[in-house]
Amino acid sequence: MGRGGRRRRLPRHGLRRALAAALETRAKTCGAGREALLGGGIGLGFVLVSALLVTAFGGYEFSWAGDGFMSVVWSAVAVQIGAAVTEELLFRGLALQALEKLRGSGVAIVFTSLFFGVAHLGAPGANAWSGVAIALEAGVLLGAAFLWRRNTWFVVGLHFAWNTVQELLGIPVSGHTSEGLFSVDVHGSALLNGGDFGLEASIVPVLIGVALAVPMLVLARRDGGIKARRSASR
């Protein structure tokens, strides 16, 4: 009977372990989804406010493009989700964290921001200013966002919404023009409208991006997310 009792208990133990693993996986998935949605909400607001301000100052004029709604949306989603995942895994998932372990959070965010700006210099319409703008509004903001949340899905969501909304508005994304739901006419100074590079080379999102990055860094420091430079071993 003792052996039979042990055999009867084994399936229960296996079931408990399987259930615990399933619940843990579900919790992680739900957590990743929440972080991605939170980041996406910030990215959506960031781009919409920036575009609205540029429009209010006379830099943009939008008109409905009249093309197929769903085909345009799905095309933008498919392209931009790949770009967001790839760039965030490379810059925030790998480079920032590797540099952070060696030199601390400050050095890591500075160097990855510079690298991010340089990486976009080969894009259509890019120039020295657009590289600086990308380093500040994207490199610093996305780096600060990662240090605050310590979650790659958060910055992926932010980056994805940022790029996708620009494309749907008909604004070039880092100089690359794609079919959007709207067509946009640009007016005035390139410092306001971003010129051929698009909204990301406008001074407006640069200022907003830095303004968003500062409280993120403050919250990261409060929560212990800012790491000091590793001391040299004796």
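The values are calculated or read from the model by the stated rules, or taken from the named source; none is laboratory data. From a predicted model like this one, the values you see are computed outputs, not experimental measurements. Neighbour counts run over all protein chains shown; Cβ positions are idealised from the backbone, glycine included. When the accessible area is computed, the model is the full protein with side chains, heavy atoms only, and any ligands, DNA or RNA have been set aside. Shrake-Rupley method; radii C 1.70, N 1.55, O 1.52, S 1.80 Å.
Below are the figures for this structure:
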| item | result |
| --- | --- |
| Theoretical gain in end-to-end length, residue 129 to residue 52 [0.36 nm per residue, Cα-Cα removed] | 25.5 nm |
| Normalised contact order of the range 184-232, rounded percent, pairs of Cα under 8 Å and 6 or more residues apart | 17 |
| Gaussian network model of the chain, springs between alpha carbon atoms under 10 Å - residue of 206, 156, 184 with greatest fluctuation | 184 |
| Per-bin percent of Cα-Cα distances, the chain [10 Å] | 8, 28, 29, 16, 8, 5, 3, 1, 0 |
| Local electrostatic count at residue 183 - Lys and Arg +1, Asp and Glu -1, tallied over other residues with Cβ under 11 Å | -4 |
| Accessible surface, the chain, averaged per residue in Å² (probe 1.4 Å) | 55 |
| Simple label model, 7 Å out from Cα along Cβ direction - residue 179 to residue 34, nm | 3.9 |
| Computed accessible area, residue 171, all protein chains, 1.4 angstrom probe, square angstrom | 10 |
| Residue-count net charge about residue 138 - beta-carbon cut-off 14 Å; Lys, Arg +1, Asp, Glu -1 | -3 |
| Helix 203-222 axis, angle to the chain major axis (alpha carbon atoms, nearest 10°) | 30 |
| Most mobile of 38, 141, 158 in a GNM of the chain (Cα contacts under 10 Å) | 38 |
| Accessible surface of the range 81-139 [probe 1.4 Å, protein heavy atoms]: carbon and sulfur percent | 78 |
| Two-decimal log10 I(q)/I(0) for the range 141-182, as the Debye equation yields it once each C-alpha is a single scatterer, q = 0.15, 0.20 Å⁻¹ | -0.43, -0.62 |
| Of 51, 132, 65, farthest towards positive along the dipole that unit charges on Lys, Arg, Asp, Glu beta carbons give the range 48-150 | 132 |
| Rounded to 10°, Cα long-axis angle of helix 69-88 versus longest principal axis of the chain | 70 |
